[in-house]
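See structure below.
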2 protein chains.
Amino acid sequence: MTKKLAKSAISQKRVLDAAARIFRDYGYAGTTMRAIADEADLKAGSIYYHYKSKDDLISAVLDIGIRAVTDNVDKALKALPETATGRDRIEAAIRAHLSAIIEVGDYTLATRRALGQVPEAIRARNTRMRDTYGSVWQEILADAHDRGEFRTTANLTLARLFILGALNWTIEWFKPGGRSIDDVAREFASVVLDGLSGNGGSAAMAEELSPPAKAKRSSPRIRAV
Amino acid sequence: MTKKLAKSAISQKRVLDAAARIFRDYGYAGTTMRAIADEADLKAGSIYYHYKSKDDLISAVLDIGIRAVTDNVDKALKALPETATGRDRIEAAIRAHLSAIIEVGDYTLATRRALGQVPEAIRARNTRMRDTYGSVWQEILADAHDRGEFRTTANLTLARLFILGALNWTIEWFKPGGRSIDDVAREFASVVLDGLSGNGGSAAMAEELSPPAKAKRSSPRIRAV
DNA sequence: GTCTATAGGGAGATAGAC
DNA sequence: GTCTATCTCCCTATAGAC
């Protein structure tokens, strides 16, 4: 899968990775070509050999961010057997979405920070790609519903917005080295499909195994949301 | 509740509202004092009579964004009767969170766009307020769990991150004039508590009332996520 | 309170040497 | 391919008139 790259392509990739990190930290307007150049270990003027403008760079970063997700989810769905249930497909899509956004975390976070500030034409193109991804999810949910796996009162559009919101937010708090992506994906799927009060069988990582009781809880150290 | 404001306070509020809209559209670095001044109908130099710097302004905007949410959720929880169940409290908190972020939408979106780019000292202070709000939610969930309303396998920390992620994302797609906040809140609570496959009784707004069938679905017009 | 004018510093992008 | 040097423009913040 890893291709041998020409020397020029290596530099180009180094600049792109550096750009993702700087856009991630400073947003679109706050990012300077000089800062990207420093991060990539060359001088500002040299970037223009690889990319013709700052807009060209942000555009490439944004595309990688969404493409990683759509490609990974497509792949995961195609890898499922014919006999997969709606639940199987939802679990697979959640896992694929999470691993993709975390795998290219710099690009994902750069997108989150910069997308709203980017020139209209660039944003519109990226937004179209995201809309297409949204309809993939709408189809997944509609399919599970058609199979009779959902309660009839379920609102699929709101469910999709709810699921994708929660998934996209994950990048804000997930830190490699803590919980595994699989564990997070399993628990998310469990909440979405069975709910917190339901009695789903696939839940993992019970936090409190002791029986319900008026336990004294110290104020927990919480990550900002 | 609406106080009469001195002339100076009126101008100050006009500048602050203008700043929220401009920060929302251009992020922290992309916002210029000139743009805020234009939006507030005065000249750039005059802003400095009300706020001593750009950092002073963004700081005020960020504080309003989180305070609106914590205050509204606190108020909603306190308004509940003694007999309220864990489910009641979760539903109330979801509704209060949603109405607050939408009510001060410009400030909410400005926070989303700018928080990551703001000088460290300002971000740290705002992040502490957000952490405190996170522990309020952790308590709400722990309480419902202690009452025996959740399945024992539920992971409360992940559930909290999941719920708050989905709620915070709502500002990206919610448009006043469409669905009501109450409807969205009800459906979100229904997914979180009962799941999509559960048979909760509180679900509203069924999208497809016809029985499951292999209906032909046209590719839906989807909002970007 | 709001204005005009401006000081002082950086920004994106280009040209041409190496 | 990468460098240095530089053009031109726009930024935050201040000073002082009204």
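The values are calculated or read from the model by the stated rules, or taken from the named source; none is laboratory data. What you are looking at is a predicted structure, and each value in this text was computed from that prediction instead of being measured. Backbone-built Cβ (ideal geometry, glycine too); neighbour counts: all protein chains shown. Side chains included, ligands, DNA and RNA excluded: accessible areas come from the protein's heavy atoms. Shrake-Rupley method; radii C 1.70, N 1.55, O 1.52, S 1.80 Å.
Quick one: A:I101 ticks every box in (1) over 23 Å from A:R113 (Cβ atoms); (2) away from DNA strand C (no atom under 15 Å from the Cβ); (3) surrounded by 17 or more Cβ atoms within 10 Å (Cβ to Cβ) except a single one, so which number is it?
(1)
Testing A:G86 on (1) away from DNA strand D (no atom under 12 Å from the Cβ); (2) open to solvent by less than 20 Å² (accessible area, probe 1.4 Å); (3) farther than 22 Å from A:L193 by Cα; (4) not β-branched (V, I, T), one condition comes back false. Which one is that?
For A:G86, the failing item is (3).
Restricting to the range A:131-144, name every residue that is at the interface with another protein chain (Cβ under 7 Å from one of its Cβ atoms) and open to solvent by 10 Å² or more (accessible area, probe 1.4 Å). Give the steps one after another, and end with the answer.
Going residue by residue through the range A:131-144, those that are at the interface with another protein chain (Cβ under 7 Å from one of its Cβ atoms) are A:131, A:134-135, A:138, A:142.
Scanning the range A:131-144 gives A:D131, A:S135, A:Q138.
Keeping to the range A:171-217, report how many residues are modelled with pLDDT of 55 or more, polar (S, T, N, Q) and not in a helix (DSSP H, G or I).
3
What is the one condition in (1) under 27 Å from A:G30 (Cα atoms); (2) open to solvent by less than 20 Å² (accessible area, probe 1.4 Å); (3) small (G, A, S); (4) away from chain B (no Cβ under 13 Å) that A:A93 does not satisfy?
That leaves (1) as the condition not met.
Checking A:R113 against (1) in contact with an Asp or Glu (Cβ under 6 Å, 6 or more places away or on another chain); (2) within 8 Å of another protein chain (Cβ to nearest Cβ), which single condition isn't satisfied?
Condition not satisfied by A:R113: (1).
State yes or no: is B:R128 surrounded by fewer than 18 Cβ atoms within 10 Å (Cβ to Cβ) and either touching a strand residue (DSSP E or B) at 6+ places or on another chain (Cβ under 7 Å) or under 16 Å from A:W173 (Cα atoms) (or both)? Spell out the reasoning first.
On the way: surrounded by fewer than 18 Cβ atoms within 10 Å (Cβ to Cβ): yes; either touching a strand residue (DSSP E or B) at 6+ places or on another chain (Cβ under 7 Å) or under 16 Å from A:W173 (Cα atoms) (or both): yes.
It is true that B:R128 is surrounded by fewer than 18 Cβ atoms within 10 Å (Cβ to Cβ) and either touching a strand residue (DSSP E or B) at 6+ places or on another chain (Cβ under 7 Å) or under 16 Å from A:W173 (Cα atoms) (or both).
Can you give me the number of residues within the range A:12-34 that are within 14 Å of chain B (Cβ to nearest Cβ), closer than 21 Å to A:R125 by Cβ and either within 12 Å of DNA strand D (Cβ to nearest atom) or assigned to a loop (DSSP other than H, G, I, E, B) (or both)?
Selection size over the range A:12-34: 2.
Just to be sure, is B:D41 open to solvent by 70 Å² or more (accessible area, probe 1.4 Å) and on the phi > 0 side of the Ramachandran plot?
So B:D41 passes the test.
Taking the stated definitions as given, is B:A9 assigned to a helix (DSSP H, G or I), of a type in the set (A, V, I, L, M), more than 16 Å from DNA strand D (Cβ to nearest atom) and surrounded by fewer than 17 Cβ atoms within 10 Å (Cβ to Cβ)?
Yes, satisfied.
Does A:R67 qualify as being more than 9 Å from DNA strand C (Cβ to nearest atom), more than 12 Å from chain B (Cβ to nearest Cβ) and open to solvent by 50 Å² or more (accessible area, probe 1.4 Å)?
Working: more than 9 Å from DNA strand C (Cβ to nearest atom): yes; more than 12 Å from chain B (Cβ to nearest Cβ): yes; open to solvent by 50 Å² or more (accessible area, probe 1.4 Å): yes.
When the stated conditions are applied, A:R67 passes them.
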